[in-house]
1. How do the strands (runs of 3 or more DSSP E) wholly within region 1-111 filter down when requiring 1 or more residues that are aromatic (F, W, Y): which remain?
2. Please work out which one of (1) more than 23 Å from V178 (Cβ to Cβ); (2) in a strand (DSSP E or B); (3) small (G, A, S); (4) within 14 Å of the ligand (Cβ to nearest atom) is the condition G134 fails and give its number.
3. Which one of these is among the β-branched types (V, I, T) and touching a residue at least 40 places away in the same chain (Cβ under 8 Å): I138, I165?
4. Scan region 226-245 and report the pairs whose first residue is at pLDDT 95 or above and whose second residue is among the β-branched types (V, I, T) and part of a loop (DSSP other than H, G, I, E, B), with Cβ atoms within less than 8 Å and a gap of 6+ or a chain change.
5. Which one is nearest to D116 (Cα to Cα) among residues in region 55-83 that are more than 13 Å from the ligand (Cβ to nearest atom) and loosely packed, with under 14 Cβ neighbours inside 10 Å?
6. Give the residues of region 210-254 that are among the small types (G, A, S) and either assigned to a loop (DSSP other than H, G, I, E, B) or over 23 Å from the mean Cα position of the chain (by Cα) (or both), sorted by residue number.
7. Could you go through region 90-100 and let me know if any residue there is more than 11 Å from the ligand (Cβ to nearest atom), under 19 Å from L33 (Cβ atoms) and at pLDDT 95 or above.
Amino acid sequence: MWNNRACRYDEYYKTFQGAIEHYVDWEILKNFLPKNKKIKILDAAGGTGRISLPLAKMGYSVTLCDISPKMLEVAELKMQREGLLDKVKICKCDTRNLHFKDETFDFVISWDGNIDDTEGLAPKELIRVTKKGGIISIFLVNKWAAVISSFNKNPDKILSSIESIPSCLEDPEGRYIVLSPEEVKNWFEEEGIKVIDIYGVCGWTDVLHIPKKILDSHTWDEKFFKQTIKMVLKLSKEPSIKGLSRHLVLYGEKL
Ligand SMILES: C[S@@+](CC[C@H](N)C(=O)[O-])C[C@H]1O[C@@H](n2cnc3c(N)ncnc32)[C@H](O)[C@@H]1O
């Protein structure tokens, strides 16, 4: 699936909706990046380098790994074009079975790449390769947004899956674990992570009823873009509402 999407993947981030998501992801990430540029960063399931490229531009050294050779080909071309190949080590590997030694990285990022991981192998591997005192940033599918959007199609299945922790849902892209913000916190704390914060990301433009014509547009009114960013950043942190976002991003420290 990702091999087929590789050439078009970056196009999404040129639309209003994609640009909002990318901006918000970065606004949050910036607060956690250490000043020391010598740290070792892993961008797991890093795709075409949406995160690795700006990190490398900032002077960090990054290991970018992904299961899809085509996504990695696009990433390599982009790094080459920007003269950043010396900053980014690109390798093919499965996040559920990483070929790095325990405690290799100071900062581990894995955004939006955990399909078909119904046993939670990827988060365990990501924690394993994080150094003690290092930071982990991981996207998880938000249980409440997922069950709300699927309820109508199969109420029996949704009601029974809500009760199990973690619950598993599926869509045409595969099967995946869904967790509520509270369950994410408990799950990671049991795995030896001190949870620093959990944000609700992606899907806010639907909650805000922004018309599809604007979401798909490649040009936009700058004032409205900035207003949307401001609103989304508020929603992403607000405990009473972050359960409505499509993904949760956890920031935690390995104890
Ligand atoms: C939505 S893209 C996200 C890419 C990047 N993290 C970003 O935020 O732009 C999902 C990526 O996860 C990768 N992926 C999915 N399952 C994976 C696995 N088990 N191991 C490594 N990569 C995986 C896909 O190949 C794809 O590049």
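The values are calculated or read from the model by the stated rules, or taken from the named source; none is laboratory data. Quantities reported herein were computed from a predicted structural model and do not represent experimental measurements. With ideal geometry, Cβ positions are generated from the backbone for all residues, glycine too; neighbour counts draw on all protein chains shown.
1. 105-110
2. With respect to (1) more than 23 Å from V178 (Cβ to Cβ); (2) in a strand (DSSP E or B); (3) small (G, A, S); (4) within 14 Å of the ligand (Cβ to nearest atom), G134 is out only on (4).
3. Answer to the selection: I138.
4. Listed pairs, sorted by first residue: T228/I210; L235/I241.
5. It comes out as L77.
6. S217, S240, S245
7. So far as region 90-100 goes, no, none of its residues is more than 11 Å from the ligand (Cβ to nearest atom), under 19 Å from L33 (Cβ atoms) and at pLDDT 95 or above.
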